[in-house]
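Notes follow once the structure below has been shown.
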């Protein structure tokens with residue numbers, strides 16, 4: 001996944017506001033704090049929350065590096081919706097000073113202090129996000145011949161989605177209690193292969209425009225695809241815009257499982273940036289000429305989030321469309337057993353799946369990258385794991401986390417584990433195109449040549 005630096009707070013801000021009302025103690029589990037990175041808006045409902053639990057959640061939600069002045073005590077109480085980051089921080093931090101500084105090659109830094117900024121030296125460790133579920137929905141896969149309509153009716157649920165030929169279904173319940181009860185009952189049903197919640201995944205963030213770059217535009221040439229052994233990358237992402245510069249012939253098809261995208265014509269979407277990053281990798285590996293093409297599957301549509309359900313549909317659409325390499329940028333802390341089993345079966349069929357390891361510098365699992373059968377890719381910067389990147393034991397390979405792409409004749413910077421994964425997917429496809437090795441041999445080559453720093457080869 002790719003990181004964006006907060007342009008709404010590009011300048012140093014030193015802000016003083018009045019203290020919050022103190023009240024009765026509240027546990028960390030009671031508070032709610034949600035950053036919408038796409039719109040840079042914050043929702044909060046916190047009551048007498050200590051400073052460190054608050055800042056741990058801020059770090060986890062934003063990916064910022066957070067530092068606080070030692071021995072600073074404060075308890076926050078605030079309730080609001082859809083406030084910009086700057087105003088949200090004012091409300092959350094009360095009478096404390098803070099400064100949010102952009103960094104050129106790492107996430108922004110937030111300094112919280114009583115006296116002067118230089119005294120904010122104690123780093124706040126990141127607390128991973130809690131999984132976010134789609135309310136009142138379950139995903140399940142059943143054995144062939146199961147009457148799912150009758151099964152749903154017995155639970156007071158409705159079948160609101162199905163993938164033909166897969167025995168994969170989505171059920172909707174009236175409320176959370178019925179959903180939880182339904183999950184328990186379905187897990188005990190011998191006709192159910194697996195069942196789990198439907199999880200949200202945030203939309204990857206936007207790119208940053210550059211004034212100039214020494215990286216030249218792509219000059220990749222498309223060779224006629226062979227009759228057999230054709231290589232197709234399934235790009236599971238946001239919508240992909242027209243690439244221009246003769247590159248659209250590399251996009252085999254564009255599919256959406258989540259409705260029509262509403263993409264900004266003045267900036268590259270995440271999917272567009274990933275497609276061009278793949279093509280850049282292909283250009284390097286194949287020395288400028290390849291028959292590899294990209295099947296672009298949009299799992300977001302016009303929405304700021306996607307779900308386990310949409311990811312499952314997107315992967316199946318890519319496989320059914322002929323993709324024999326899969327790339328996924330989406331991810332989060334919620335593991336859906338239904339999606340995990342689907343991914344495992346696709347991987348077992350010989351199709352390598354590469355996924356971004358996540359842009360939080362933590363060691364906790366990030367799904368679907370941490371699922372069995374997925375090759376998780378983290379970002380590497382100057383021979384080390386990038387300061388914003390996940391370094392968990394599930395990470396399999398490391399690759400460059402920065403890519404420069406061109407859109408509208410302008411260079412744009414992309415940074416994060418998303419371009420790392422796209423780079424490796426392009427590399428794998430390029431090796432298949434030029435060496436005709438098996439996918440197993442190609443994966444071994446990638447693991448050998450792109451080790452995770454600090455773990456050896």
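The values are calculated or read from the model by the stated rules, or taken from the named source; none is laboratory data. Since the structure is predicted, the reported quantities are computational estimates derived from the model, not experimental observations. No Cβ is skipped: glycine too gets one built from the backbone with ideal geometry, and neighbour counts run over all protein chains shown.
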Of 242, 204, which residue is touching a strand residue (DSSP E or B) at 6+ places or on another chain (Cβ under 9 Å), buried (at least 23 other Cβ atoms within 10 Å of the Cβ) and part of a loop (DSSP other than H, G, I, E, B)?
-> 204
Can you name the number of the only condition in (1) more than 23 Å from residue 64 (Cβ to Cβ); (2) in contact (Cβ under 8 Å) with a residue 60 or more places away in the chain; (3) out of contact with any strand residue (DSSP E or B) (no Cβ under 7 Å at 6 or more places or on another chain) that residue 364 fails?
-> (1)
Of all residues in the range 370-386, count the ones that are at positive phi and either out of contact with any strand residue (DSSP E or B) (no Cβ under 9 Å at 6 or more places or on another chain) or outside the structural domain of residue 397 (by TED's automatic domain parsing) (or both).
-> 2
Does residue 399 qualify as being buried (at least 19 other Cβ atoms within 10 Å of the Cβ) and either on the phi > 0 side of the Ramachandran plot or not in a loop (DSSP other than H, G, I, E, B) (or both)?
-> yes
From 186, 243, 247, grab the single residue that is in contact with a helix residue (DSSP H, G or I) (Cβ under 9 Å, 6 or more places away or on another chain) and under 18 Å from residue 425 (Cα atoms).
-> 247
Failed item, numbered, when residue 235 is tested on (1) surrounded by fewer than 22 Cβ atoms within 10 Å (Cβ to Cβ); (2) within 22 Å of residue 326 (Cα to Cα); (3) touching a helix residue (DSSP H, G or I) at 6+ places or on another chain (Cβ under 9 Å) | (1)
Single unsatisfied condition, residue 134 versus (1) closer than 28 Å to residue 305 by Cα; (2) surrounded by fewer than 17 Cβ atoms within 10 Å (Cβ to Cβ) | (2)
Scope the range 216-232; condition in a loop (DSSP other than H, G, I, E, B) and either outside the structural domain of residue 289 (by TED's automatic domain parsing) or surrounded by 14 or more Cβ atoms within 10 Å (Cβ to Cβ) (or both); matching residues = 217, 218, 220, 225, 230, 231
What are the residues in the range 380-400 that are at pLDDT 95 or above and within 16 Å of the chain's Cα centre (by Cα), if any?
-> 394, 395
Can you give me the number of residues within the range 78-98 that are under 20 Å from residue 124 (Cα atoms) and either surrounded by 22 or more Cβ atoms within 10 Å (Cβ to Cβ) or in contact with a strand residue (DSSP E or B) (Cβ under 9 Å, 6 or more places away or on another chain) (or both)?
-> 12
Residue 429 vs. criteria closer than 23 Å to residue 364 by Cβ and either in the same structural domain as residue 377 (by TED's automatic domain parsing) or modelled with pLDDT under 95 (or both) | no
